[in-house]
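Novice: Pasting a structure here, questions to come.
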Amino acid sequence: SLSKTVGTAAGVCATTDMIDVVAGTDVYYCYTVTNTGDVTLPMHDLTDSELGDIFTGFAYNLMPGESVSTVDAGLTISATIMATTMNTATWTAYDSAGLTASAEASATVNVVNPAISVAKTVGTAAGVCATESAITVEPGTDVYYCYTVTNTGDVTLPWHDLTDSELGDIFMGFAYDLMPGASVSTVDAGLEISANIMVTTTNVATWTAYVDDMITAWAEATATVNVEEVVPPMPSITLSKTVGTEAGVCADTSMITVPLNTMVYYCITVTNTGNVTLPLHDVSDPTLGVDLTGVAYDLEPGASASTVDLGLDLSAMAMEDTTNVATWTAYVDDSITATASATAMVMIEEPTDVSLSGFGGDAGTTSFLPLLLAALAALVVGAYQVVRRRQQI
């Protein structure tokens, strides 16, 4: 009888007559013959359908019940396999008297194509595979990685190694029969792979799936966690105060001169020059009697708002020269607050010169002082004449 085995190790008889290899693998055949008759057979021929004549007239006294292999005989019979191959061997044993016995055996080498793809995703929720391979988080965030492998080849891959450039070896020799077309993830396998991220991190995962050292496939995937720069809140505002004589508008000057008893209208404008929205506001102007607290208005960075915008009427009768100061505080809470002040001035016009008319001159052109002097002179002359007359009597 004859047995034919094939393996990938030289110098030994393999134990199987069928193996899977990748293209280009060197395989080693072993042919073992057993004398199942009752006569010693001293001469031997061996041929192979793919390898041709291996030997002819090989001398070996094969006694009844005895076996011998080509490995025992010191022969190395190998081939480099590029495609699936099945070959059949024929062993003929005989003697010089014409007694002959022959047997056949076959071995098959299947050429397989192991291949995998791997995806790596990252998120902030544990126990699920995220959908993104890049996220942005704040420093100190816990993130969770998911690695998913898919068998894109044509052979089942029972063993798996997974390493990560930042996390190190995640597992080695993990047993899972990944059949062609099938996928499995680390979450499916019950693994939680997390990290606390302080700086932007890109890591590369390498998944290796294999049958043995010869039939193996590997793939890489990358995930990135971007750490955004945390800018501390810097609240800041500027304030302007203007005054005019028209209601419902913001004047364009902070100082005016008006006649006595003129109604003037003030406008206070705040601008957020910081980097944080300021939702609450206190406004104070003691001269105008303004004392507002907790006014709700979302003043975004770069935005401005005025008392006119807020529907406030800040008016006063100009009775004297006045300088008043407005103070505006905008804030989120006690820790995020900004304050600014601004001033506006109202000046009273000086009165004009008094003029008289009706003394023979044009109205507005006769000065009061000359007329007064003339009247005094006439009075003196009249008194002198009265005194003189009394003396004559």
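What follows draws every value from the coordinates through simple rules; no lab data is involved. All values derive from a computational prediction rather than experimental measurement. As a convention, Cβ positions derive from the backbone with ideal geometry for all residues, glycine included, and neighbour counts pool all protein chains shown.
Novice: What number, rounded to the nearest 500 deg cm²/dmol, is the helix-based mean residue ellipticity at 222 nm of the chain, given -39500 (n - 2.57) per DSSP H run of at least four residues and division by all its residues?
Specialist: -2500 deg cm²/dmol
Novice: I've got another one for you. Return the unpartnered cysteines for the chain, using a Cβ-Cβ cut-off of under 4.7 Å.
Specialist: none
Novice: Can you tell me the dipole magnitude for the range 1-121 around its Cα centre, using point charges on the Cβ only (Lys, Arg +1; Asp, Glu -1), in Debye to the nearest 20?
Specialist: Its charge dipole is roughly 480 debye.
Novice: In a GNM of the chain with a 10 Å cut-off on Cα contacts, which of A73, A223, A125 has the highest mean-square fluctuation?
Specialist: Evaluated over the chain, the most mobile residue of the options is A73.
Novice: Please check: in the Gaussian network model of the chain (C-alpha springs, under 10 Å), which one of V199, V122, V258 has the largest mean-square fluctuation.
Specialist: Judging by the Gaussian network model, the answer is V258.
Novice: Once you charge only the Cβ atoms, +1 for Lys and Arg and -1 for Asp and Glu, what is the size of the charge dipole of the chain about its Cα centre, to the nearest 20 debye?
Specialist: With Lys and Arg at +1 and Asp and Glu at -1, about 2660 debye.
Novice: What full-extension length gain, to one decimal in nm, is calculated for T15 and T339 as 0.36 nm per residue of separation minus the Cα-Cα distance?
Specialist: Between T15 and T339, full extension yields an extra 107.8 nm.
Novice: In nm, give the distance between the simple-model label positions of D142 and D38, each being 7 Å from the Cα along the Cα-to-Cβ direction.
Specialist: It is 8.2 nm.
Novice: Can you run phi through the Karplus equation (6.51, -1.76, 1.60; θ = phi - 60°) for the range 315-329 and list ³J(HN,Hα) in whole Hz, with x for Gly and Pro?
Specialist: Once θ is set to phi - 60°, the couplings for the range 315-329 become 10, 7, 7, 6, 10, 7, 4, 9, 10, 10, 10, 9, 10, 10, 10 Hz.
Novice: Among D298, D142, D164, determine the one that fluctuates most according to a GNM of the chain built with springs between C-alpha atoms less than 10 Å apart.
Specialist: D298
Novice: How about the range 199-276: which GluC sites (Glu not before Pro) there are in a DSSP loop, with at most 12 other Cβ atoms within 10 Å of their Cβ?
Specialist: Filter output for the range 199-276: E228, E229, E246.
Novice: Another question, if that's okay. What percent antiparallel are the DSSP beta bridges of the chain, to the nearest 5?
Specialist: Looking only at bridges with both residues in the chain, the antiparallel portion is about 90 percent.
Novice: Going toward the positive end of the dipole of the chain, with +1 on Lys and Arg Cβ and -1 on Asp and Glu Cβ, which of F58, P158, P235 do you reach last?
Specialist: With unit charges placed on the Cβ atoms, the residue in question is P235.
Novice: Also, quick follow-up: Mind sorting out which of [x] 1.28; [y] 2.58; [z] 1.70 is the real Cα Rg over 2.2 N^0.38 Å computed from the coordinates?
Specialist: [y]
Novice: Taking the Cα centre of the range 103-164 as origin, sum charge times position over the Cβ atoms of Lys and Arg (+1) and Asp and Glu (-1), and report the length of that vector in debye to the nearest 20.
Specialist: Using Cβ point charges on Lys, Arg, Asp and Glu, the range 103-164 gives about 80 debye.
Novice: Provide the gained length on full extension for the span M317 to V199, in nm with one decimal, where the gain is 0.36 nm per separating residue minus the Cα-Cα distance.
Specialist: 36.3 nm
Novice: Putting +1 on Lys and Arg Cβ atoms and -1 on Asp and Glu Cβ atoms, find which of N226, L280, V68 reaches farthest to the positive end of the dipole of the chain.
Specialist: L280
Novice: Right, something else. What is the distance in Å between the Cα centroid of the range 142-156 and that of the range 1-31?
Specialist: Comparing the Cα centres of the range 142-156 and the range 1-31, I get a distance of 32 Å.
Novice: Multiplying the sequence separation of M82 and I348 by 0.36 nm and subtracting their Cα-Cα distance, what value in nm do you get?
Specialist: 85.0 nm
Novice: Let me ask something else. Can you list residues from other chains, or at least 5 along the same chain, whose modelled amide H is less than 5 Å from the amide H of I237?
Specialist: Amide H neighbours of I237: T273, T339.
Novice: Taking the simple approach of a point 7 Å from Cα along Cα-to-Cβ for both D309 and D177, what is their distance in nm?
Specialist: 7.1
Novice: Which whole-angstrom value gives the distance between the alpha carbon centres of the range 58-135 and the range 206-232?
Specialist: Centre-to-centre distance over Cα atoms comes out at 33 Å.
Novice: Moving on. For helix 368-392, what angle does its Cα long axis make with the longest principal axis of the chain, in degrees from 0 to 90 and rounded to 10?
Specialist: 20
Novice: A follow-up question, please. At a threshold of 8 angstrom on Cα-Cα distance, excluding pairs fewer than six apart, so keeping six or more, what relative contact order does the chain reach in percent?
Specialist: After rounding, I find 10 percent.
Novice: Give me the distance in nm between label points sitting 7 Å out from Cα along the Cα-to-Cβ direction at E229 and V258, one decimal.
Specialist: Here the answer is 4.9 nm between the modelled labels.
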